[in-house]
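Undergrad: If you scroll down you'll find the structure; I have some questions about it.
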Amino acid sequence: MRQLIIIGSGPAGFTAAIYAARANMSPVVFASSVEAGGELMNTTEVENFPGFPEGVMGPELMMKMEEQAAKFGAEIIRDDVTSVELSGPVKKVTLGSGETHEASAIIFATGSAYRKLGIPDEDRLSGYGVSWCATCDGFFFREKVIAVVGGGDSAMEEATFLTKFASKVYVIHRKDSLRASKIMQERAMANPKIEFLWNSAVTAISGESALTGVTLTDTVTGAVRDLALDGLFIAIGNDPRTHLVHGQLDLTESGTIAVDGRSSRTSTSGVFAAGDVIDPSYRQAITAAASGTVAALDAEHYLASLSVPSK
Ligand code: NDP
């Protein structure tokens, strides 16, 4: 049986692995079978991670974190966790391959998943004009007319990035003001290829074999109109990935795994959580990394307490 299992390979998971490996906990990290590295694998330049004054590409930052964790002895297994058993002193994890692993402690750093609009044809046209990843798919939209839905930092980042390819980028937002940070707003607003469509909700998506446009409903007047498009990028936030722990760990009202104060301790002894899966507010690479540190230190204290003979 292992000392520590870490599920997730974003900044929280890999930082927890670096700390845990350096503390001789011999952690194993279960990274995704599709792509290790978490959300930053889908981003472009990260300008606000301390220590990189020139900026660093998201995928490069994650590869370096993985390299650092492996250097100190963390084992990294590229497979998906399909189920967990958390009650009792031995935590059990089953992988997509059918293999099972056991450990005394476990850290959930499972991050969050892209939110969907929840309208018909969104899934059907996914990959055929509808996308959640500008970095992955932007290249396919050279000299095309596209739109980004959302008013947060992700939408501003995606829209700005997509102007490298597209001839025109609409930003469709359901309100008349943005949630994005000032600097990201200003950058998008100063870009001549970007046009904002305010108070607009995407209420339908059209296209047979590929997207041809969307229907917009004015959120103030209710007026409906069609907009011809070659591509639609959805950037409306994320939901914490908690499906593995439903019914086993307490969740908060916002759907994140509940932890005790500033610690990573969940409602079950020996189970810790870190990163976006516990964070409804900040959700930055640096805050996730810090959260991973907290989880590794909490797990270390927990494991040490197990080896102290009880009086
Ligand atoms: P946010 O939750 O910040 O923003 C989501 C946006 O999508 C909001 O404008 C919201 O509208 C809108 N929205 C949500 N649901 C729907 C829906 N069903 N239909 C239409 N619109 C919807 O998510 P982000 O992904 O933008 O950002 C998440 C976190 O990551 C933030 O903390 C952000 O700062 C950070 N981030 C930082 C970056 C950077 O600094 N480089 C880059 C990207 C993200 P409304 O405003 O009306 O609620």
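The values are calculated or read from the model by the stated rules, or taken from the named source; none is laboratory data. Only a predicted model underlies this, so the values are computations on that prediction, with no experimental measurement involved. We place every Cβ from the backbone using ideal geometry, glycine too, and count neighbours over all the protein chains shown.
Undergrad: Select, from Glu60, Glu54, Glu102, the only residue that is part of a helix (DSSP H, G or I) and either farther than 19 Å from Leu244 by Cβ or touching a residue at least 40 places away in the same chain (Cβ under 8 Å) (or both).
TA: Exactly one residue qualifies, and that residue is Glu60.
Undergrad: Kindly indicate whether any position in region 232-239 is in contact with a strand residue (DSSP E or B) (Cβ under 7 Å, 6 or more places away or on another chain), more than 14 Å from the ligand (Cβ to nearest atom) and of a type in the set (D, E, K, R).
TA: no
Undergrad: Which of the numbered conditions does Leu95 fail, given that it passes all the others? Conditions: (1) under 23 Å from Pro11 (Cα atoms); (2) surrounded by fewer than 19 Cβ atoms within 10 Å (Cβ to Cβ); (3) at pLDDT 95 or above; (4) within 11 Å of the ligand (Cβ to nearest atom).
TA: For Leu95, the exception is condition (4).
Undergrad: List the residue pairs whose Cβ atoms are under 9 Å apart, where the first residue sits in region 168-180 and is closer than 11 Å to Met156 by Cα and in a loop (DSSP other than H, G, I, E, B), the second is acidic (Asp, Glu) and modelled with pLDDT under 95, and the two are 6 or more positions apart or on different chains.
TA: Close Cβ pairs satisfying both conditions: Arg179/Asp153; Ala180/Asp153; Ala180/Glu157.
Undergrad: Of all residues in region 126-152 being surrounded by fewer than 17 Cβ atoms within 10 Å (Cβ to Cβ) and among the hydroxyl-bearing types (Ser, Thr, Tyr), which is farthest from the ligand (Cβ to nearest atom)?
TA: That would be Tyr128.
Undergrad: Another one. Considering only residues that are outside any helix (DSSP H, G or I), within 16 Å of the ligand (Cβ to nearest atom) and on the phi > 0 side of the Ramachandran plot, which ones fall in region 24-49?
TA: Selection gives Gly37 alone.
Undergrad: Scan Ala23, Ala69, Ala36 and give me the residue that is of a type in the set (A, V, I, L, M, F, W, C), closer than 16 Å to Phe272 by Cβ, touching a helix residue (DSSP H, G or I) at 6+ places or on another chain (Cβ under 7 Å) and touching a residue at least 12 places away in the same chain (Cβ under 8 Å).
TA: Selected residue: Ala23, the only one of Ala23, Ala69, Ala36 that is of a type in the set (A, V, I, L, M, F, W, C), closer than 16 Å to Phe272 by Cβ, touching a helix residue (DSSP H, G or I) at 6+ places or on another chain (Cβ under 7 Å) and touching a residue at least 12 places away in the same chain (Cβ under 8 Å).
Undergrad: For residues that are polar (S, T, N, Q) and more than 21 Å from Ala295 (Cα to Cα), tally how many sit in region 55-82.
TA: Residues flagged as polar (S, T, N, Q) and more than 21 Å from Ala295 (Cα to Cα) within region 55-82 amount to 1.
Undergrad: Still on this structure: Tally up the residues in region 256-284 that are part of a loop (DSSP other than H, G, I, E, B), closer than 17 Å to Glu39 by Cβ and not aliphatic (A, V, I, L, M), please.
TA: Summing the residues that are part of a loop (DSSP other than H, G, I, E, B), closer than 17 Å to Glu39 by Cβ and not aliphatic (A, V, I, L, M) in region 256-284 gives 7.
Undergrad: Just checking, which of Ser291, Ser267, Ser281, Ser307 is within 16 Å of the ligand (Cβ to nearest atom), polar (S, T, N, Q) and surrounded by fewer than 22 Cβ atoms within 10 Å (Cβ to Cβ)?
TA: Ser281
Undergrad: Against the condition modelled with pLDDT of 95 or more and closer than 18 Å to Ala12 by Cβ, how does Phe49 come out, does it pass?
TA: Considered against the rule, which asks whether it is modelled with pLDDT of 95 or more and closer than 18 Å to Ala12 by Cβ, Phe49 comes out as no.
Undergrad: Which condition breaks for Ile183 when tested against (1) touching a residue at least 12 places away in the same chain (Cβ under 8 Å); (2) under 30 Å from Val46 (Cα atoms); (3) surrounded by fewer than 19 Cβ atoms within 10 Å (Cβ to Cβ)?
TA: (1)
Undergrad: Within region 153-160, does at least one residue satisfy the condition of being at pLDDT below 95, of a type in the set (S, T, N, Q) and either touching a Pro at 6+ places or on another chain (Cβ under 6 Å) or within 11 Å of the ligand (Cβ to nearest atom) (or both)?
TA: yes
Undergrad: Further, regarding this structure: Residues in region 182-232 that are in a loop (DSSP other than H, G, I, E, B) and of a type in the set (A, V, I, L, M): how many?
TA: Total satisfying the criteria: 6.
Undergrad: Of the conditions (1) part of a loop (DSSP other than H, G, I, E, B); (2) under 19 Å from the mean Cα position of the chain (by Cα); (3) surrounded by 16 or more Cβ atoms within 10 Å (Cβ to Cβ), Glu122 clears all except one; give me its number.
TA: (2)
Undergrad: Can you pull out every residue in region 178-197 that is small (Gly, Ala, Ser) and either out of contact with any helix residue (DSSP H, G or I) (no Cβ under 9 Å at 6 or more places or on another chain) or away from the ligand (no atom under 15 Å from the Cβ) (or both)?
TA: Scanning region 178-197 gives a single hit, Ala190.
Undergrad: Restricting to region 107-119, name every residue that is more than 11 Å from the ligand (Cβ to nearest atom) and assigned to a loop (DSSP other than H, G, I, E, B).
TA: Ala109, Thr110, Gly111
Undergrad: Under the condition of being among the small types (Gly, Ala, Ser) and touching a strand residue (DSSP E or B) at 6+ places or on another chain (Cβ under 9 Å), which residue from region 254-264 is surrounded by the most Cβ atoms within 10 Å (Cβ to Cβ)?
TA: Looking at residues that are among the small types (Gly, Ala, Ser) and touching a strand residue (DSSP E or B) at 6+ places or on another chain (Cβ under 9 Å), I get Ser264.
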